[in-house]
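Novice: Input: one structure, supplied below.
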Amino acid sequence: MGEGAMASTVTKNKKDSVDLFDQLTAADLMTSNPVSIRREASVAEAAVLFTDKAFSGAAVIDESGRPIGVLSCSDLLVHDREKSRTVGAPIDEPATLPADSELEDFGYQVVDVDRTTVSNVMTPMVFSVTPESSARRVMSDMVSFRVHRLFVVDKSGVLVGVISALDVVKGLLKASDSE
């Protein structure tokens, strides 16, 4: 077989891939009913959700189910780092409680409760597509915006799905295997 036969095979495969990118939609790639977090949830609740579900990020939604931001593990880590810089600062309170060591002697544990809400630490920007968007558009947006996930919203802006980079790979592999 000469070089010409090899080149036409490569061209044919490239064309097949191009068609696949345009035929598949965000609905084909997305995970439906994604886990999201309410904007008034605490960062502690978010940390529990992320660790229990092994998530690295989630959409932050308003009371209507519309995404208003994105919370990632990185956001939580930055918040934790910033918070730890301020712990131990002088407090202008009268010393009415026993020292921490005395409380521990009675079986108490002193906990610094963080009442910060998710809306205070989230990234207030959501990159989204519609279910009808092509796989090509999904991939292009992910690369252009340098994000690992896109959120899928319906015509009224309500969150209906999420597409991670892994979802794109799985979707393309599944579609190419079925041909």
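The values are calculated or read from the model by the stated rules, or taken from the named source; none is laboratory data. Because the structure is a prediction, the values reported are computed rather than measured. Because the Cβ atoms are built from the backbone with ideal geometry, glycine has one as well, and the counts that use them run over all protein chains shown.
Novice: Filter the range 76-91 for residues that are hydrophobic (A, V, I, L, M, F, W, C) and modelled with pLDDT of 60 or more; which is surrounded by the most Cβ atoms within 10 Å (Cβ to Cβ)? So that I can check it myself, show each step before the final result.
Specialist: So in the range 76-91, the residues hydrophobic (A, V, I, L, M, F, W, C) come out as 76-78, 87, 89, 91.
Of the ones still in play, those that are also modelled with pLDDT of 60 or more are 76-78.
Values: LEU76: 19, LEU77: 11, VAL78: 12.
This residue is LEU76.
Novice: It is to be established whether one or more residues within the range 122-142 are free of Cβ contacts under 8 Å to residues at least 40 places away in the same chain, under 20 Å from ASP28 (Cβ atoms), in a helix (DSSP H, G or I) and in contact with a Leu (Cβ under 9 Å, 6 or more places away or on another chain).
Specialist: Checking the range 122-142: at least one residue is free of Cβ contacts under 8 Å to residues at least 40 places away in the same chain, under 20 Å from ASP28 (Cβ atoms), in a helix (DSSP H, G or I) and in contact with a Leu (Cβ under 9 Å, 6 or more places away or on another chain).
Novice: Still on this structure, I have one more. Could you say which residue among ALA175, ALA135 is over 16 Å from SER36 (Cα atoms), surrounded by 15 or more Cβ atoms within 10 Å (Cβ to Cβ), more than 23 Å from the chain's Cα centre (by Cα) and at pLDDT 75 or above?
Specialist: ALA175
Novice: Of everything in the range 143-179, what is assigned to a strand (DSSP E or B) and basic (Lys, Arg)? Give them in sequence order.
Specialist: Residue satisfying the conditions is ARG149 alone.
Novice: Could you count how many residues in the range 30-55 are farther than 16 Å from ASP75 by Cα and crowded, with 16+ Cβ neighbours inside 10 Å?
Specialist: Summing the residues that are farther than 16 Å from ASP75 by Cα and crowded, with 16+ Cβ neighbours inside 10 Å in the range 30-55 gives 2.
Novice: Listed residues ALA7, ALA27, ALA58; which is modelled with pLDDT of 75 or more, over 19 Å from ARG136 (Cα atoms) and surrounded by 10 or more Cβ atoms within 10 Å (Cβ to Cβ)?
Specialist: ALA58
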